[in-house]
Amino acid sequence: MSFLPLLLLALTSPQQPAATFHAHVQDRQYVEVRYPNKEKQNAVGRFMTAYDISDPKKREETYKPYLHILDPETGKPITKGMGGEFTHHRGIFIGWNKLTVAGKTYDRWHMTGGEQIVKEATTSQSLSSIGQSAYILAPKIVWTGATRDETLIQESRTMHFMPPPTSAFVQVDFTSELKAVAGDTIFDGDPEHAGLHFRPTDATDRANTVYLYPKADANAHKDRDYPWVGMTYTAEGKKYSVVMLSHPENPTGTAWSAYRNYGRFGAFYKIAIKKDETLKIQARFVFYKGELPSPEAIQMLWNGYAQKRETLLASTRKAAEQPAPKK
């Protein structure tokens, strides 16, 4: 393992006592981050890197990388893998269903006719005054075109685990840098099928999913540019909450899909870039057991992440919409 300098933004919320993380590469199937100071040394994050196209089922299982979040007490993922309803929804993942490159459009959300292939994955650790951090580094992820020899996008993805705020059990910064290597590129689609998203386990109890928004009378179908969204869900009798903080340098005009009862939510960034330019997407995810902290506390988290001093004027808490599962 190599050691990288740690560049942490000043946080305006209390931190837990210094945490220790270890990062491990596991047989090219995944890279994980553990709490080795915990008795069971269970993982808290697992980046799925396997790629196997030897048969259709294995291709479906490995056609896109994603980040699982795990409960450190049980070692079980609280995020979704392949299978279930909407098999392409997996953990923390990124994609666009209308990715237009040099005039041709590709679906890199459902992964129709192409893949996101991890060519390299490494780990690193760093130490600061608030504790030890671990990085999962994927400096080269190839988004293929009509053939696997054609590269549309070359992505560099970083997942930075650091000591979480008080009452949280995981905090991870997700950064994706997407270079348009095959021509002028438009990242497009719709809020349901494009952008950076989180999907909880398929065992989520759909009747108990609740969202929190940083605005009075919020309507996620129409509003734009939320700085953050929170969600609480129940799975296998346990309640979890997650906050997604969007970095202020992300594209503006962002729509949020944050209302589904099965818990998939995230930000849809629509933007066009020129050949050889890079789109950078950044977000921080904070995970809790039980309910979310207060809206004011979440705003403090965002202020620390964004290096802002903004005041939360109002918030809205809503039960998730309850569409019937597809037949």
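For residue 280, the requirement of being charged (D, E, K, R), more than 20 Å from the chain's Cα centre (by Cα) and open to solvent by 20 Å² or more (accessible area, probe 1.4 Å) is not met. If only residues of region 153-175 that are among the β-branched types (Val, Ile, Thr), open to solvent by 20 Å² or more (accessible area, probe 1.4 Å) and farther than 16 Å from residue 246 by Cβ are counted, the one that is nearest to the chain's Cα centre (by Cα) is 158. For residue 186, the conditions (1) open to solvent by 50 Å² or more (accessible area, probe 1.4 Å); (2) touching a strand residue (DSSP E or B) at 6+ places or on another chain (Cβ under 7 Å); (3) among the hydrophobic types (A, V, I, L, M, F, W, C); (4) at pLDDT below 95 are fulfilled apart from (4). The set of residues from region 208-226 being surrounded by 21 or more Cβ atoms within 10 Å (Cβ to Cβ) and either in a loop (DSSP other than H, G, I, E, B) or among the hydrophobic types (A, V, I, L, M, F, W, C) (or both) comprises 209, 212, 214, 218, 220.
Yes or no: residue 288 in contact with a strand residue (DSSP E or B) (Cβ under 8 Å, 6 or more places away or on another chain), farther than 20 Å from residue 95 by Cα and hydroxyl-bearing (Ser, Thr, Tyr)? The answer is yes for residue 288. Of all residues assigned to region 136-152, at least one qualifies as being among the aliphatic types (A, V, I, L, M), out of contact with any Cys (no Cβ under 9 Å at 6 or more places or on another chain), open to solvent by 10 Å² or more (accessible area, probe 1.4 Å) and within 21 Å of residue 250 (Cα to Cα).
The values are calculated or read from the model by the stated rules, or taken from the named source; none is laboratory data. It should be emphasised that the depicted structure is a prediction, and the values quoted were computed from it without experimental measurement. Cβ: placed from backbone, ideal geometry, glycine included. Neighbour counts: every protein chain shown. SASA here: full protein model, heavy atoms, side chains in, ligands and nucleic acids out. Shrake-Rupley method; radii C 1.70, N 1.55, O 1.52, S 1.80 Å.
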